[in-house]
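Quick notes on the structure that follows.
Every number in this text was worked out from the coordinates using simple rules, so none of it is lab data. Values in this document were obtained by computation on a predicted structure and should not be read as measured data. Here the Cβ positions follow ideal geometry from the backbone for every residue, glycine too, while neighbour counts run over all protein chains shown.
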Amino acid sequence: MPLPIINFGSCCIDHVYSVDHFVHPGETLPCAHYEVHPGGKGLNQSIALAKAGAQVVHAGRIGQDGTWLSNLLRAHKVDTHLLLVDEDPTGHANIQVSDSGENAIVLFGGANRKITPDDVDLVLAEAQRGQFILLQNEISSLDYLVEQALKKDLRVVLNAAPMGNNIKELPLTDLDLLFINEIEGEALTGATEPEGILNILKASIPDTGVVLTLGQQGSIYQRGEVQTEQRSALVDVVDSTGAGDTFTGFFLASYQREVSIQDCLRSASLAAGISVTRKGAASSIPETRELDNAVQSLTARS
């Protein structure tokens, strides 16, 4: 049986506001509906991994106000013994969701930004050579975490979101997988089109598997000269929050099982397609069985 995937990532409380358009500077905008959801890219991806059939250990920090997030992870069979409780409040996000299903997010790091090198050492003390570790850019001490994980010969998987200048300073050439969307790809390379982004990354990090997600335009996997493409599914978008996290979790769960890259992309795309038809982030992630049921109703983009 494969070793559990370590996800050292964020946990957040999402405050979701339904609006007819994103608020403009100086504008006071009435909210049609308000909901609270579990979130954070780390938490979302742990739940996605678990729903996709992987064993997951979630490491990180929450505040006392976020203990319900730990309970939620355990309810999805995610191991939380490395999820510490901090005196600071749990990270949270204020999310505007427009009538078209697009989202705009203001993020407060909270306990996610209190992770120290000592925390990293505690987690990696349990890690074994060749074990997958999944990371995002919503926690502190990320540079130290990547450095130490590579020293222990872990298979480091990075979702470079939210993109920041610190990502460029990481040893991206030593990663197993790098997940980016088109906006993050442009920030990383300066190129504005998928072909340009991938060409630059092929030259700079040829041995790293790059997964470029393109929303309704599908997704592309590249490692060196090898490229694999996947079309997206035609769906009615309700809320795109968490779609990228769903994609990442389902792709990595399949990748760990060593199925074909095409099958990794196909299951990830289908899961993300289902998630955008529902409200919320973690709460929108489908079960694996739903993917089989959805094949009949989701039409591949031609």
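Of all aspartates and glutamates in the structure, the ones whose alpha carbon falls short of 14 Å from that of LYS77, not counting any fewer than 8 places away in one chain, are GLU287. Taking a ≥ b ≥ c as the square roots of the eigenvalues of the alpha-carbon gyration tensor, the range 1-91 is classed prolate because a/c is 1.5 or more and a/b outweighs b/c.
Judged by the mean number of other Cβ atoms found within 10 Å, the most tightly packed of the peptides 172-178, 188-194 leads the ranking 172-178, 188-194.
Local charge for GLY249 was computed over the other residues whose Cβ lies under 11 Å away, with Lys and Arg +1 and Asp and Glu -1, and equals +1. Here r is the Cβ-Cβ distance between SER204 and HIS15 and R0 is 45 Å; the resulting FRET efficiency, rounded to 0.05, is 0.75.
The value of relative contact order for the chain, using C-alpha pairs under 8 Å at least six residues apart, is 17 percent. Between GLN217 and ASN165, the distance separating the two model label sites (each 7 Å from Cα on the Cα→Cβ line) works out to 2.8 nm.
Around the amide H of ILE5, modelled in the peptide plane, lie the amide H atoms of GLN55, VAL56, VAL57, all under 5 Å away and 5 or more residues distant in sequence or on another chain.
Enumerate by residue number the GluC sites (Glu not before Pro) in the range 82-142 meeting two conditions: DSSP loop (anything except H, G, I, E, B), and at most 11 other Cβ atoms within 10 Å of the site's Cβ. All intermediate terms of the calculation are to be shown ahead of the outcome.
On the way: sites: GLU87, GLU102, GLU126, GLU138; in loops: GLU87, GLU102, GLU126, GLU138.
Sites meeting the loop and neighbour criteria: GLU87.
Close amide H pairs (under 5 Å, H built 1.01 Å from N) link LEU84 with GLY60, ARG61, ILE62, residues at least 5 positions away or on another chain.
What are the lysines whose alpha-carbon lies under 19 Å from the alpha-carbon of LYS114, with same-chain residues fewer than 8 places away excluded? Filter leaves LYS41. Amide H contacts under 5 Å for GLN131: ARG155, restricted to partners 5 or more places along the chain or on a different chain, H placed in the peptide plane at 1.01 Å from N. Going from the residue with the fewest nearby Cβ atoms within 10 Å to the one with the most, PHE132, PHE179 rank PHE132, PHE179.
Among 156-162, 22-28, the peptide with the highest mean count of other Cβ atoms within 10 Å heads the list, and the full ranking is 156-162, 22-28.
Hey, what number do you get for the chain at 222 nm if only DSSP H runs of n ≥ 4 count, each worth -39500 (n - 2.57), divided across all residues, to the nearest 500?
Working: 10 runs with 97 residues, N = 302.
That calculation yields -9500 deg cm²/dmol at 222 nm.
Pairwise Cα distances in the range 189-268 exceed 19 Å for 39 percent of all pairs. Across the range 192-216, the residues whose backbone nitrogen lies under 15 Å from the label position 7 Å along the beta-carbon direction of ILE183 are 213-216. Springs join every pair of Cα atoms under 10 Å in this Gaussian network model of the chain, and among ALA233, ALA271, ALA203 the largest mean-square fluctuation is at ALA203.
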